[in-house]
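A.B. asks: Shown below is the structure under consideration.
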Amino acid sequence: MTKEITNSVEALEAEAEKILGEARTRASEILLEAREEAKKMLSSQLPLDVVKTECDRIVSKAREEADEKIKDSEEKAVEIGINADKKVKEITELMVNIATGRS
């Protein structure tokens, strides 16, 4: 049972790392797409002011989306960490009870 709980905690931690990694990857992708779109706009015949405004809007939107995804992932990671701490406490109590014969 203790091994199962330990495996569960490890799985939760791995999932949290995976979620954070995915959020960072997506944030990078969004920023890259925004930069590519900005380059396309700059190479077009549009007036520079229009391009700059649109570029700023795209980059701003990309940053907002990336920040939101990172924030959500961090919240999930904290939640998983709290659950892991609870499980560690349960395991510790179980081990103490077994060691002292109170199980």
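A.B. asks: Over the chain, with every protein chain in place, what whole percent of the accessible area is carbon and sulfur at 1.4 Å, could you tell me?
C.D. replies: Ligands and nucleic acids excluded, carbon and sulfur reach 54 percent.
A.B. asks: Full-extension gain between N97 and E17, please, as 0.36 nm times their residue separation minus the C-alpha to C-alpha distance.
C.D. replies: Details: separation 80, 0.36 × 80 = 28.80 nm, distance 3.22 nm.
So the extension gain works out to 25.6 nm.
A.B. asks: Sum up the charges of everything whose Cβ sits under 12 Å from the Cβ of A23, counting Lys and Arg as +1 and Asp and Glu as -1, but leave A23 out. Don't skip to the end; give the middle numbers.
C.D. replies: On the way: positive: K18, R24, R26, K69, K71, K76; negative: E17, E22, E29, E65, D67, E68, D72, E74, E75.
Result for the local shell: -3.
A.B. asks: Given an 8 Å cut-off on Cα distances and at least 6 residues of separation, report the relative contact order of the chain as a percent.
C.D. replies: So the answer I get is 44 percent.
A.B. asks: Moving to a separate point now. Answer with one residue from A16, L31, P47: the one whose Cα lies farthest towards the positive end of the charge dipole of the range 1-90, charges on Cβ with Lys, Arg +1 and Asp, Glu -1.
C.D. replies: Of the listed residues, the answer is P47.
A.B. asks: Would you mind working out the accessible area per residue for the range 63-103, using a 1.4 Å probe, and quoting it in Å²?
C.D. replies: Details: 3230 Å² over 41 residues.
Roughly 79 Å² per residue, with all protein chains present.
A.B. asks: Under a Cβ-only charge scheme (Lys and Arg +1, Asp and Glu -1), can you give me the dipole magnitude of the chain about the Cα centre, in debye to the nearest 20?
C.D. replies: With Lys and Arg at +1 and Asp and Glu at -1, about 120 debye.
The values are calculated or read from the model by the stated rules, or taken from the named source; none is laboratory data. The structure displayed is predicted, hence computed values, not measured ones. Positions of Cβ are generated from backbone atoms using ideal geometry, with glycine treated the same way; all protein chains shown enter the neighbour counts. The area values use the complete protein model at the heavy-atom level, side chains included, leaving out ligands, DNA and RNA. Shrake-Rupley method; radii C 1.70, N 1.55, O 1.52, S 1.80 Å.
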